[in-house]
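The values are calculated or read from the model by the stated rules, or taken from the named source; none is laboratory data. Since this is a predicted model, take the numbers as computed values, not measurements. For neighbour counting, all protein chains shown are included, and Cβ atoms are generated from backbone atoms with ideal geometry for every residue, glycine included.
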Amino acid sequence: MFQVSREIHFCYGHRLLDYEGKCRHLHGHNGRAVITLEGLQLDERGMLLDFGDIKRTVQRWIDENLDHNMLLRRDDPILPLLRERGERVFVMEHNPTAENIARLIYERAAEHGLPVVQVVLWETENCSASYGGP
């Protein structure tokens, strides 16, 4: 089995609803996502997938949707104000936890046809969450 990984850095803000800790307040992170792909066969170039292909698909999606954006749950009461003021907001069905953001990136990579097996999201240099699919 062959595996390749690409690391993507991005900045985002969020807060957690129904949470008693300090993350219930708006705050930001310098996130780092590590996307791992896996497969049995290499192509004619001797590659599972070119790293540039991961960049063109997953990094482009992250840059357009998550980077320098506020990630909020769909029922966050601050959403109307941010939208009214023209702020960038990415709305999620569930709380924008590290776990849910990792799953979101995994799902987008899979939708682009990449053989993704795991996404690890580093929220800080000491804290990460991963999602590996169903």
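Key figures for this structure:
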read-out: The lone exception for LEU49 - which of (1) farther than 23 Å from PRO115 by Cα; (2) in contact with a strand residue (DSSP E or B) (Cβ under 7 Å, 6 or more places away or on another chain) it fails; value: (1)
read-out: Hits in the stretch 21-50 (condition: closer than 15 Å to ALA109 by Cβ and part of a strand (DSSP E or B)); value: ALA33, VAL34, ILE35, THR36, LEU37, GLU38, GLY39
read-out: Qualifying residue in the stretch 77-88 (condition: touching a Lys or Arg at 6+ places or on another chain (Cβ under 9 Å), crowded, with 19+ Cβ neighbours inside 10 Å and at pLDDT 95 or above); value: no
read-out: Residue ID - nearest to the chain's Cα centre (by Cα), chosen from residues in the stretch 104-119 that are within 20 Å of HIS14 (Cα to Cα) and surrounded by 20 or more Cβ atoms within 10 Å (Cβ to Cβ); value: ILE105
read-out: Test: LEU26 is under 26 Å from ASN126 (Cα atoms) and in contact (Cβ under 8 Å) with a residue 24 or more places away in the chain; value: yes
read-out: Out of ARG73, ARG32, sole residue that is in contact with a Phe, Trp or Tyr (Cβ under 6 Å, 6 or more places away or on another chain), modelled with pLDDT of 95 or more, within 23 Å of HIS94 (Cβ to Cβ) and charged (D, E, K, R); value: ARG32
read-out: Candidate set: the stretch 90-103, residues that are surrounded by 19 or more Cβ atoms within 10 Å (Cβ to Cβ) and among the aliphatic types (A, V, I, L, M); chosen: the one farthest from the chain's Cα centre (by Cα); value: ALA98
read-out: Members of the stretch 1-20 that are part of a strand (DSSP E or B) and under 19 Å from the mean Cα position of the chain (by Cα); value: VAL4, SER5, ARG6, GLU7, ILE8, HIS9, PHE10, CYS11, TYR12, GLY13, HIS14
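Residue-by-condition table, conditions (1) within 20 Å of GLN3 (Cα to Cα); (2) surrounded by 13 or more Cβ atoms within 10 Å (Cβ to Cβ); (3) of a type in the set (Gly, Ala, Ser):
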{"position": "VAL58", "(1), (2), (3)": "yes, yes, no"}
{"position": "ILE62", "(1), (2), (3)": "no, yes, no"}
{"position": "CYS127", "(1), (2), (3)": "no, no, no"}
{"position": "TYR131", "(1), (2), (3)": "yes, yes, no"}
